[in-house]
Amino acid sequence: MSIINKLRSMFSGSADKTHEDKPETSQVSMRPLMDEVVAVEEPPASSNSEEKPFKEPEPIKRTVIQPPIIVSKESAETVQTDEVLIKAEPTLEGDQCKFMVNRDLIEGNSWYFENFESAEGSSLAESLFSVDGVESMLIQESTLTVTRVNKGPGDWLPMAKEIGAAIREKLEAKESLISKTILDSIPSEEEVRSKIQEVIDKEVNPGVAGHGGNVQLTNIKGNTVTILMGGGCQGCSAADMTLKMGIHGAFRKALPTVGAILDETDHKAGLNPFYS
Amino acid sequence: MPKLKTFNVKIETGDSGIDEPVQFSVNGFKVPFDNVKGAAQPGETMEGSYEINSFPHSLTLVGPDKGKWNIKKMSVEYNVENEAPYSITFGEITLDETNEANIWQDPPLPTFDV
């Protein structure tokens, strides 16, 4: 049998098969080892590129926060005297002037007089609208903010003196400053809250959401509302326009008896404020 | 925005203080205070000043790199160009490695009696 097998293998060309098999088997057995080596070597190569041992650590991006400001300035309101004291503070833009009086003009509430017609029956507002150049006014407790027809910078002193004299005259005469109709129409805080919240949810927030912004109702005192602008609205260059042209209009349309609308947003804070 | 010539700070530390030097950041540059007196340890008061001579687009007090710094009260006195010096007092705040406090305030609006 072995001679026949030898002859067969000689003529079939597989004479050295047994010798060839050995190297083949040894190559096969080496392949997994090679794979292991490659598999072991690859991860350190990739991890080296990620770690970069000599790379400087990324600086931490800090959030800018605004500490509360303690007002120590003695205002006209804090001075206790029978005399009517009025301080005028024009805004930087020059379109408005705030008058701070050392007594209440409307107790616990606020009222916005849009024009002369809206002042009917309110002696103070009627008197102030007779001053040349007054466009509208907002009375909030002991503060009166007057907007003038001529926008932009300009000396407020002559007009402010006229307004101051009119306020003093009405206060010294101890007249009723705001009409009874207005005082009776001031809504409850609950009514203000529900209506304003509804406007925020249905009109304001869907509108500002397109710019990544949001508006929250943070406080209600009488018919005075305070809001907070967040997201893309905080520090946005158009925040003031959004507030005056959009939010004020929407609030007053839904609730004409709403008083002052205050924005307590710190537009200088945040990561990328325009107002810094 | 007026040009800020110099400013001084007086910081009263509350419950938790810091060992590291107090730094502020002006227009993104972190700098330690000059003329430092006192410390920022709990219950202590630290004073410092700096000559800026520039427009402060941002002026912040930088939080510590480690731990928390509880500031009970802080008053800042600003010396600006073409304006009378004015000071602002800030209330309680806690700083850490993630934040910094804005300490720049524009000069108060002028008021007059009418």
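The values are calculated or read from the model by the stated rules, or taken from the named source; none is laboratory data. All of these numbers come straight from a predicted model, not from anything done at the bench. In this analysis, Cβ positions are derived from the backbone assuming ideal geometry, glycine residues included, and neighbour counts consider all displayed protein chains. Heads up: the accessible areas ignore ligands, DNA and RNA and are worked out on the full protein's heavy atoms, side chains in. Shrake-Rupley method; radii C 1.70, N 1.55, O 1.52, S 1.80 Å.
Which of the residues spanning segment A:79-111 are within 9 Å of another protein chain (Cβ to nearest Cβ), open to solvent by 30 Å² or more (accessible area, probe 1.4 Å), in contact (Cβ under 8 Å) with a residue 40 or more places away in the chain and more than 27 Å from A:Thr257 (Cβ to Cβ)? Reasoning before the result, please.
Kept after step one, since they are within 9 Å of another protein chain (Cβ to nearest Cβ), are these residues of segment A:79-111: A:85-92, A:98-100.
When the remaining residues are screened for being open to solvent by 30 Å² or more (accessible area, probe 1.4 Å), the result is A:85, A:87, A:91-92, A:98.
Restricting the remaining residues to those that are in contact (Cβ under 8 Å) with a residue 40 or more places away in the chain gives A:98.
If the condition is that a residue be within 9 Å of another protein chain (Cβ to nearest Cβ), open to solvent by 30 Å² or more (accessible area, probe 1.4 Å), in contact (Cβ under 8 Å) with a residue 40 or more places away in the chain and more than 27 Å from A:Thr257 (Cβ to Cβ), then no residue fits.
Testing B:Leu59 on (1) within 11 Å of chain A (Cβ to nearest Cβ); (2) closer than 15 Å to B:Asp15 by Cβ; (3) open to solvent by less than 20 Å² (accessible area, probe 1.4 Å), one condition comes back false. Which one is that?
(2)
In segment A:179-202, what residues are surrounded by 12 or more Cβ atoms within 10 Å (Cβ to Cβ), among the charged types (D, E, K, R) and closer than 14 Å to A:Ile220 by Cα?
A:Glu189, A:Glu191, A:Arg193, A:Lys195
Identify the single condition in (1) over 20 Å from A:Gly222 (Cβ atoms); (2) over 26 Å from the mean Cα position of the chain (by Cα) that A:Thr147 does not satisfy, given that it satisfies every other one.
(2)
Quick one: which of A:Leu138, A:Leu128, A:Leu144, A:Leu124 is assigned by TED's automatic domain parsing to the domain that holds A:Phe99, crowded, with 18+ Cβ neighbours inside 10 Å and free of Cβ contacts under 8 Å to residues at least 40 places away in the same chain? Show your work before the answer.
Values: A:Leu138 fails: free of Cβ contacts under 8 Å to residues at least 40 places away in the same chain; A:Leu144 fails: free of Cβ contacts under 8 Å to residues at least 40 places away in the same chain; A:Leu124 fails: free of Cβ contacts under 8 Å to residues at least 40 places away in the same chain.
Residue meeting the stated conditions: A:Leu128.
Quick check: is even one residue across segment A:240-257 open to solvent by less than 40 Å² (accessible area, probe 1.4 Å) and under 9 Å from the mean Cα position of the chain (by Cα)?
no
Filter segment B:6-37 down to the residues that are in contact with an Asp or Glu (Cβ under 6 Å, 6 or more places away or on another chain) and surrounded by fewer than 16 Cβ atoms within 10 Å (Cβ to Cβ), then identify the one that is nearest to B:Thr89 (Cα to Cα).
B:Thr6
A quick yes/no check of all residues on (1) at pLDDT below 90; (2) in a helix (DSSP H, G or I):
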{"residue": "A:Arg168", "(1), (2)": "no, yes"}
{"residue": "A:Ile178", "(1), (2)": "no, no"}
{"residue": "A:Arg193", "(1), (2)": "no, yes"}
{"residue": "A:Gln197", "(1), (2)": "no, yes"}
{"residue": "A:Glu203", "(1), (2)": "no, yes"}
{"residue": "A:Asn214", "(1), (2)": "yes, no"}
{"residue": "A:Asn219", "(1), (2)": "no, no"}
{"residue": "A:Cys236", "(1), (2)": "yes, no"}
{"residue": "A:Arg252", "(1), (2)": "no, yes"}
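Among B:Gly48, B:Gly43, which is the only one that is under 18 Å from B:Ile93 (Cβ atoms), touching a residue at least 40 places away in the same chain (Cβ under 8 Å), out of contact with any Leu (no Cβ under 9 Å at 6 or more places or on another chain) and of a type in the set (Gly, Ala, Ser)? Break it down stepwise before answering.
On the way: B:Gly43 fails: touching a residue at least 40 places away in the same chain (Cβ under 8 Å).
That would be B:Gly48, the only listed residue that is under 18 Å from B:Ile93 (Cβ atoms), touching a residue at least 40 places away in the same chain (Cβ under 8 Å), out of contact with any Leu (no Cβ under 9 Å at 6 or more places or on another chain) and of a type in the set (Gly, Ala, Ser).
Considering segment A:219-239 alone, what residues qualify as being within 22 Å of A:Gly108 (Cβ to Cβ), in contact with a helix residue (DSSP H, G or I) (Cβ under 6 Å, 6 or more places away or on another chain) and buried (at least 20 other Cβ atoms within 10 Å of the Cβ)?
A:Asn223, A:Val225
I'm trying to understand the selection: among the residues of segment B:38-53, which are open to solvent by 40 Å² or more (accessible area, probe 1.4 Å) and over 14 Å from the mean Cα position of the chain (by Cα)?
The first filter runs over segment B:38-53 and keeps only residues open to solvent by 40 Å² or more (accessible area, probe 1.4 Å), leaving B:38, B:41-45, B:47, B:50-51, B:53.
Passing the criteria: B:Gly38, B:Gln41, B:Pro42, B:Gly43, B:Glu44, B:Asn53.
Could you tell me which residue of segment B:71-114 is least open to solvent (accessible area, probe 1.4 Å), considering only residues that are more than 22 Å from B:Val31 (Cβ to Cβ) and more than 12 Å from chain A (Cβ to nearest Cβ)?
Taking the candidates together, the pick is B:Ala84.
Would you check if there is a residue in segment A:159-175 being surrounded by fewer than 21 Cβ atoms within 10 Å (Cβ to Cβ) and over 24 Å from A:Thr81 (Cα atoms)?
No, the conditions are met nowhere in segment A:159-175.
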